[in-house]
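The values are calculated or read from the model by the stated rules, or taken from the named source; none is laboratory data. Just so it is clear, the model here is predicted, and its values are computed rather than measured. Cβ atoms come from the backbone with ideal geometry, glycine included; neighbour counts cover every protein chain shown. Ligands, DNA and RNA are stripped out before the accessible areas are found, and what is left, the full protein with its side chains, is counted by its heavy atoms. Shrake-Rupley method; radii C 1.70, N 1.55, O 1.52, S 1.80 Å.
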Amino acid sequence: MNTNNSETNQLTKTEGAAQRTFSFRSECMADAESIRAMVLPWLLSWHANVEPLDLNGRLYRQPDAEVTFTLTAKAPGLACLRWLVDGLLNCHIAAETLETAEHYTGERASRRPWTGAVERPSQEVLLAATQALLDRQKLLEAELDRTRHMYRTLRAPYDLGVRWCPPTEEQGSPGWVAVVALPGTDVQRIVRVTAAGGALKAGKTQSREMERRMLVING
């Protein structure tokens with residue numbers, strides 16, 4: 001399980017009451033995840049849908065994704081969001097289809113980056129967006145270790161065939177990974193939390209273990 005401090009912040013009733021919902025279409029999930037990382041400081045909900053292509057009665061996988069997401073009242077508006085997405089590499093389709101949910105059609109409004117119905121965000125919004133992308137960069141660096149671990153775990157039974165035996169306990173697991181900011185500074189740390197006794201236990205014991213891990217991350 002991965003967690004990010006930005007995602008665990010409590011949201012006030014005022015923010016929730018004035019939330020705004022947007023939609024866009026992207027070429028692939030990687031583009032959509034880049035946008036999600038950037039808007040994370042204001043993100044309330046996120047839904048990505050990938051539909052297969054029906055061609056002559058046969059279904060084909062396609063990379064396109066349609067995303068609907070909801071932001072807090074303090075989030076940048078539509079014009080500012082378009083401006084921000086214009087700054088993301090290869091996210092032009094998302095930038096050209098981004099609309100409020102009630103006006104979304106999925107059709108592209110062809111334009112050059114940072115032109116048309118866009119507005120430069122405030123310095124405060126720019127700082128929050130760029131910091132969120134930096135957090136994602138650091139999280140991906142930490143996730144690389146976990147991906148390598150998963151590859152080795154699944155490659156072993158392939159290489160060993162019937163000689164492979166599953167491990168009896170969680171060994172070498174990277175556990176939870178979190179990016180934690182030091183309040184009042186621009187310093188951050190990457191925290192990896194793993195239960196000394198192995199995997200999370202079931203029932204009430206599991207709940208207590210999760211609380212302990214959160215204490216480590218927030219401590």
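In the set 33, 102, 96, 7, which member is assigned to a helix (DSSP H, G or I) and at pLDDT below 95?
After ruling out the rest, the residue left standing is 7.
Keeping to segment 18-46, report how many residues are among the aromatic types (Phe, Trp, Tyr) and under 15 Å from residue 106 (Cβ atoms).
Of the residues in segment 18-46, 2 are among the aromatic types (Phe, Trp, Tyr) and under 15 Å from residue 106 (Cβ atoms).
Conditions (1) hydroxyl-bearing (Ser, Thr, Tyr); (2) in contact with a Lys or Arg (Cβ under 6 Å, 6 or more places away or on another chain); (3) under 22 Å from residue 28 (Cα atoms), marked per residue:
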| residue | (1), (2), (3) |
| --- | --- |
| 65 | no, no, yes |
| 76 | no, no, no |
| 80 | no, no, no |
| 110 | yes, no, yes |
| 120 | no, no, no |
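Of the conditions (1) out of contact with any strand residue (DSSP E or B) (no Cβ under 8 Å at 6 or more places or on another chain); (2) buried (at least 16 other Cβ atoms within 10 Å of the Cβ), residue 159 satisfies every one except a single condition; which number is it?
That leaves (2) as the condition not met.
Test residue 20 against the stated conditions and say whether it is within 27 Å of residue 180 (Cβ to Cβ), among the basic types (Lys, Arg) and either open to solvent by 60 Å² or more (accessible area, probe 1.4 Å) or under 21 Å from the mean Cα position of the chain (by Cα) (or both).
Judged against the criteria, residue 20 is not a match.
Residue by residue through segment 101-127, note down the ones that are open to solvent by less than 30 Å² (accessible area, probe 1.4 Å) and in contact with a Phe, Trp or Tyr (Cβ under 8 Å, 6 or more places away or on another chain).
Residue satisfying the conditions is 121 alone.
Among the residues of segment 62-78, count how many are surrounded by 14 or more Cβ atoms within 10 Å (Cβ to Cβ) and either within 20 Å of residue 108 (Cα to Cα) or free of Cβ contacts under 8 Å to residues at least 24 places away in the same chain (or both).
8
Yes/no per residue for (1) at pLDDT 95 or above; (2) touching a Leu at 6+ places or on another chain (Cβ under 7 Å); (3) part of a loop (DSSP other than H, G, I, E, B); (4) not basic (Lys, Arg):
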| site | (1), (2), (3), (4) |
| --- | --- |
| 46 | yes, no, no, yes |
| 69 | yes, yes, no, yes |
| 75 | yes, no, yes, yes |
| 85 | yes, yes, no, yes |
| 107 | yes, no, yes, yes |
| 110 | no, no, yes, yes |
| 114 | yes, no, yes, yes |
| 127 | yes, no, no, yes |
| 130 | yes, no, no, yes |
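Filter segment 34-61 down to residues that are polar (S, T, N, Q) and open to solvent by 60 Å² or more (accessible area, probe 1.4 Å), then give me how many there are.
1
With without any contact (Cβ under 8 Å) to a residue 12 or more places away in the chain and not hydroxyl-bearing (Ser, Thr, Tyr) as the only criterion, which of 108, 120, 136, 112 stands out?
Result: 112 is the single residue among 108, 120, 136, 112 that is without any contact (Cβ under 8 Å) to a residue 12 or more places away in the chain and not hydroxyl-bearing (Ser, Thr, Tyr).
So the check is Cβ under 8 Å with 6+ separation or different chains; which pairs have a first residue in segment 39-61 that's in contact (Cβ under 8 Å) with a residue 60 or more places away in the chain and among the aliphatic types (A, V, I, L, M) and a second one that's open to solvent by less than 100 Å² (accessible area, probe 1.4 Å) and assigned to a loop (DSSP other than H, G, I, E, B)?
39/75; 40/4
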